2 protein chains.
Amino acid sequence: MSVATVSRALKKPETVALHTRERILALVAQHRYVPDTLATSFSSGKTGLIGLIVPTIANSIYAAFTVAIQARLQAEGRKLLIANSNYDTALERDILIKLVESRVEGVILTGFRRDAELYELLRHYRIPFVVTWSTSPDPDIPAVSFDNEAAAELAVEALIERGHRNIAIVCGITAINDRADQRLKAYRRTLDRHGLPFNPDYVQERLFEFREGERAAEVLLQREPRPTALFCANDILALGALFAATRQGVRVPHDLSIIGFDDLPIAQSVYPTLSTVHVPAQEMGEAAAMKIVNCIEKNKKITHLRLESRVVFRESTDFHLKRDS
Amino acid sequence: MSVATVSRALKKPETVALHTRERILALVAQHRYVPDTLATSFSSGKTGLIGLIVPTIANSIYAAFTVAIQARLQAEGRKLLIANSNYDTALERDILIKLVESRVEGVILTGFRRDAELYELLRHYRIPFVVTWSTSPDPDIPAVSFDNEAAAELAVEALIERGHRNIAIVCGITAINDRADQRLKAYRRTLDRHGLPFNPDYVQERLFEFREGERAAEVLLQREPRPTALFCANDILALGALFAATRQGVRVPHDLSIIGFDDLPIAQSVYPTLSTVHVPAQEMGEAAAMKIVNCIEKNKKITHLRLESRVVFRESTDFHLKRDS
DNA sequence: TTGTAGGCGTTATCAG
DNA sequence: CTGATAACGCCTACAA
């Protein structure tokens with residue numbers, strides 16, 4: 001009974017005689033032998049690992065995205081190495097290198113904006129990768145995403161159609177977040193297209209946290225003229241804004257319309273329920289996972305995929321009518 | 001310039017002459033050489049890996065817990081292998097074995113209830129572990145937790161003190177979730193202690209999902225006599241219940257008091273704001289991470305730690321007064 | 001069907 | 001300070 005036989009009994013049972021196999025299995029159980037994945041991967045050159053970098057799983061839209069990916073990879077017999085970049089470019093860089101060191105066989109990234117050198121690194125190691133949540137202008141960077149700008153335009157347009165002229169925006173920090181950047185650009189462009197002026201005082205760039213949304217709303221509600229509508233590039237920010245407005249006696253949607261982005265489950269259960277842009281987080285995760293796996297196993301080239309998003313109207317948006325003051 | 005020197009230049013720069021080091025570093029950059037973690041771990045016998053099993057990171061209380069652990073471990077120069085058991089015992093078993101196979105140096109578990117054999121496995125491989133979110137009656141199973149029963153008792157007691165007699169409970173599936181079990185037990189015991197009857201019709205065991213909370217509330221609101229208060233063993237369930245009640249025209253807290261469990265950030269921003277049991281998720285995660293690391297690095301025995309929880313009263317609970325019908 | 005032996009990339013040891 | 005080499009645990013030809 002050599003190590004080779006034990007290895008075979010465990011990995012390819014059919015190649016081992018029944019009685020030998022049983023004897024080995026019994027001994028394995030008795031000694032609680034657990035094969036060393038490290039050695040296995042090292043020896044075989046296959047880790048079965050896929051790396052995922054998301055800004056933070058603390059935001060439940062990324063948690064849902066992550067869960068979808070994990071479920072899919074688990075079904076494919078692979079493992080997921082999750083890492084959080086915390087919207088920090090330098091940290092993301094370190095993490096990506098660590099993933100390469102860990103010999104991941106594929107990588108799923110969030111957002112396209114990063115040092116070209118990192119894409120080079122992945123290509124150099126022939127590690128397939130796919131960008132999610134946004135699409136690079138560079139067609140050589142495969143993306144599974146939706147159209148952030150179109151989605152944001154729809155949201156802003158919906159507010160304009162409802163009679164709003166003073167529309168403020170709360171978005172992520174555009175310098176470090178390409179989705180935030182795209183959404184802000186879409187906001188400007190849409191105002192432009194409708195002949196509305198862009199007012200820098202109406203822009204709040206914030207970290208994606210509830211309290212930041214509150215603070216942003218507090219600032220914006222002081223502006224003159226006071227905005228009648230808020231486009232928040234993220235539901236967490238929108239909920240913070242909603243809370244802050246309500247606490248200050250600003251009625252939503254009567255005095256202030258608010259529209260979010262993500263369509264978190266909770267958007268349906270706040271009061272008033274939150275209008276928002278529905279984002280295909282789950283489909284995006286599943287599609288990204290499958291594309292990576294197909295590329296690794298069947299050598300299928302990763303093609304672009306653009307999923308649909310749509311605006312969901314709930315109670316937090318209303319028509320803006322001239323009212324007695 | 002041997003492989004040994006390269007290894008030293010990268011891992012222990014101070015043991016290599018400056019000019020040699022510089023030459024090596026230049027070549028490393030030029031060739032985009034990234035050392036193989038697999039081989040490193042394999043050779044050194046150290047993986048730097050800590051395993052974490054949580055039911056699901058889709059529940060934001062576990063997301064917050066996970067983030068706290070990850071941040072702590074990252075600061076300690078270690079890596080976290082996250083796995084979701086999805087409240088499935090068999091799956092958790094497989095995952096735990098996979099973690100052992102991955103040669104994690106420590107494991108953080110959620111809940112204490114699992115096959116004794118699994119604890120044996122960890123002990124056999126001398127992998128330190130710690131249980132979180134609940135405490136085993138077995139003192140040999142180290143736990144960093146809070147007192148679920150005491151916390152649940154406080155919540156139920158608060159409702160009784162406010163005049164409620166018909167108090168229903170929505171909790172997790174007790175057969176697979178020891179926290180749910182403890183919270184249900186605490187509910188029964190508290191009713192008992194106050195001379196109130198236990199009514200099985202007032203118990204709903206549900207998966208921890210928003211829609212399940214809605215359905216549970218729909219069922220409970222049909223019961224005769226209709227409960228005047230709901231203790232939900234999880235904020236997600238509570239929010240679902242809150243939403244369902246509101247939609248049915250049952251006013252919270254006027255007609256129905258609701259108290260949750262977890263104190264998710266969102267509990268402060270729903271309408272009405274949700275009373276709940278605050279749980280020390282972040283501290284628990286940090287403490288668990290540090291205990292594991294100290295055990296690995298300084299061979300410190302892992303001792304029990306019991307953190308505090310407390311009831312947070314917000315708007316969703318009110319006194320129950322006899323009212324005109 | 002089973003055993004033997006080489007190799008995977010790195011680290012540690014020991015000699016130079 | 002640097003180089004040579006064994007060892008880590010497993011897999012996979014290939015041989016028996």
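Numerical summary
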| item | result |
| --- | --- |
| Closest approach to the axis - chain A beta-carbon, rotation onto B, Å | A:271, 2 |
| Partner chain coverage, peptide B:229-242 - average Cβ within 10 angstrom | 1 |
| P(r) histogram, all alpha-carbon pairs of the range B:178-325 included - 10 Å bins from 0, percent | 11, 35, 31, 14, 7, 2, 0 |
| Helix-only CD estimate at 222 nm, as mean residue ellipticity for the protein assembly as shown, using -39500 (n - 2.57) per DSSP H run (n ≥ 4) | -13500 deg cm²/dmol |
| Rough spin-label spacing in nm, given labels placed 7 Å along Cα→Cβ, for residue A:101 and residue A:89 | 2.2 |
| Nearest-first distances (nm) between copies at residue B:306, label 7 Å from Cα via Cβ | 6.0 |
| Mean-position separation - Cα centroids, the range A:262-289 and the range A:27-69, in angstrom | 27 |
| Label distances, nm, residue B:117 versus same residue in remaining copies, Cβ-directed 7 Å point | 5.1 |
| In sequence order, calculated HN-Hα J values of the range A:114-122 (Karplus, 6.51, -1.76, 1.60; Hz; x Gly/Pro) | 7, 3, 4, 4, 5, 4, 4, 4, 4 |
| Alpha-carbon centroid distance for the pair the range B:228-250 / the range B:75-125, whole angstrom | 34 |
| Share of alpha-carbon pairs per 10 Å distance bin for chain A, given as whole % | 6, 24, 26, 18, 13, 7, 4, 2, 0, 0 |
| Loop-located trypsin sites (Lys or Arg not before Pro) in the range B:280-325 whose Cβ has at most 16 other Cβ within 10 Å (DSSP) | B:300, B:301, B:322, B:323 |
| Mean projected area in nm² (Cα convex hull; one quarter of hull surface) for the range B:37-159 | 8.8 |
| Paired Rg and Dmax values of the range B:83-239, which use every Cα atom, in angstrom | 17.9, 55 |
| Of A:46/A:291; A:79/B:11; A:12/B:11; A:301/B:46; A:12/B:98, pairs whose Cα-Cα distance is over 30 Å | A:12/B:11; A:301/B:46 |
| Among B:234, B:180, B:216 the positive-end extreme of the charge dipole of the range B:148-278 (Cβ point charges) | B:216 |
| Dipole magnitude (debye, nearest 20) for chain A, charges at Cβ of Lys, Arg, Asp, Glu | 1000 |
| Mean projection area, nm², convex hull over Cα of the range A:62-130 | 4.6 |
| Relative intensity, log₁₀ I(q)/I(0), of the range B:8-48 from a Debye sum that treats every alpha carbon as a point, q = 0.15, 0.22, 0.23, 0.34 Å⁻¹ | -0.43, -0.79, -0.82, -1.03 |
| Full-extension gain in nm, residue B:201 to residue B:7, via 0.36 nm per residue minus C-alpha separation | 63.1 nm |
| Distance histogram in 20 Å bins (all Cα pairs of the protein assembly as shown, percent per bin) | 17, 45, 31, 6, 0 |
| Shortest-first distances to equivalent copies, position residue B:36, nm, label 7 Å out along Cβ | 1.4 |
| Efficiency of FRET from Cβ geometry, residue B:250 and residue A:33, R₀ 45 Å, rounded to 0.05 | 0.20 |
| Trypsin sites (Lys or Arg not before Pro) within the range B:102-191: DSSP coil, no more than 11 neighbouring Cβ in 10 Å | B:126 |
| Shielding by other protein chains, B:65-71, mean Cβ within 10 Å | 3 |
| Inter-chain shielding of A:270-281 (mean C-beta neighbours from other protein chains, 10 Å cut-off) | 1 |
| Alpha-carbon Debye profile of the range B:250-325, log10 I(q)/I(0) at 0.13, 0.16, 0.18, 0.23 Å⁻¹ | -0.56, -0.68, -0.76, -0.98 |
| Kirkwood-based Rg to Rh ratio, the range B:11-104, C-alpha trace | 1.15 |
| Distance between modelled label sites at residue B:226 and residue A:175, nm, 7 Å Cα→Cβ extension | 5.5 |
| The range A:149-263 - convex hull of the alpha-carbon atoms, volume per residue in Å³ | 87 |
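No value in this document is a laboratory result; all are computed from the given coordinates. In this text, all values refer to a predicted model and were calculated from it rather than measured experimentally. Cβ: placed from backbone, ideal geometry, glycine included. Neighbour counts: every protein chain shown.
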